[in-house]
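*Asks:* Take a look at the following structure, please.
Every number here is computed from the coordinates shown, using simple stated rules; none is lab data. Predicted model only: the values in this text are computed from it and were never measured. With ideal geometry, Cβ positions are generated from the backbone for all residues, glycine too; neighbour counts draw on all protein chains shown.
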Amino acid sequence: MAIREIIEIPDPRLKAISTRVEVFDDELRTLVADMFETMYAAPGIGLAAIQVGVPQRVLVIDLQPDDPDAEPEECTAHGDHKHTHQPVKRTPRVFINPEILDPSEEFNVYSEGCLSVPEIYADVERPARIRARWQDLDGTVQEEAIDGLLATCLQHEMDHLEGILFIDHLSRLKRQMALKKLEKLRKAA
Ligand code: NI
């Protein structure tokens, strides 16, 4: 496994339309393993293959919820005060050639971010519930009713397959403000 470079705006590859996966082989397994490693290291909760420069319809998602059964861990990140964190539970999901069926008419709003648009967060409205159909790593077709954060995350990642970023859902003014903020942050870094 290897951590791959995450491409960021304005890299034109982020506008590419990704192609369907037809071959479920070791190369695909390596890509998926690398995508998980890259996503966990970032850290993030979702990644599309195009974000590591591979224009294929492959997504990985792990919402990494708190693990209620685990012992809290002492945090070593800051020396000034002691506190604990609840360890997260790894819940890796792979979606290959995903499709959305029956989006609900009800919408959810989440403050979204994206590893390819670093440090920027904005509210995006998406259907609250969907049915999703996709293929797993063996090429077997799966179908599931999905809601909550996973529904939002899956739709965000699926947008990447069409060359769409979450900021493309914002009004022009809000998008321009977000891009200006990103430019400022990059200059400061
Ligand atoms: Ni994204």
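*Asks:* Which one, VAL21, TYR121, GLN64, is farthest towards the positive end of the dipole of segment 17-149 when Lys and Arg carry +1 and Asp and Glu -1 on their Cβ?
*Replies:* Of the listed residues, the answer is VAL21.
*Asks:* Also: Sorted by mean Cβ packing within 10 Å, highest first, what order do the peptides 136-143, 2-9 take?
*Replies:* By packing density, highest mean first, the sequence is 2-9, 136-143.
*Asks:* Please give the Cα centre distance for segment 14-88 versus segment 104-126, rounded to the nearest Å.
*Replies:* When both Cα centres are located, 18 Å separates them.
*Asks:* Going 7 Å from the Cα of LYS187 toward and past its Cβ, which residues in segment 112-141 have a backbone nitrogen under 18 Å from where you end up?
*Replies:* Within reach of a label on LYS187, which here means backbone N under 18 Å from a point 7 Å along Cα→Cβ, segment 112-141 contributes 118-120.
*Asks:* Let me test this: with uniform point scatterers at the alpha carbons of segment 7-80, what is the Debye-based log₁₀ I(q)/I(0) at q = 0.14 1/Å?
*Replies:* So the normalised log intensities work out to -0.59.
*Asks:* Under 27 Å Cα to Cα from LYS184, which lysines show up? Leave out anything in the same chain fewer than 8 places away.
*Replies:* Leaving aside lysines fewer than 8 places away in the same chain, those within reach of LYS184 are LYS15, LYS174.
*Asks:* Something else: Jot down the radius of gyration and Dmax of the chain, Cα atoms only, both in angstrom.
*Replies:* When restricted to the Cα atoms of the chain, Rg and Dmax are 17.4, 53 Å.
*Asks:* OK, next. Need the full-extension length gain, LEU173 to GLU105, defined as separation in residues times 0.36 nm minus the C-alpha distance. One decimal, nm.
*Replies:* Using 0.36 nm per residue and subtracting the Cα-Cα distance, I get 21.8 nm.
*Asks:* Note the per residue figure in Å³ for the convex hull of the C-alpha positions in segment 119-189.
*Replies:* In segment 119-189, the Cα hull volume divided by residue count equals 116 Å³.
*Asks:* Where the only charges are on Cβ atoms (+1 Lys, Arg; -1 Asp, Glu), what is the dipole of the chain about its Cα centre, to the nearest 20 debye?
*Replies:* 1020
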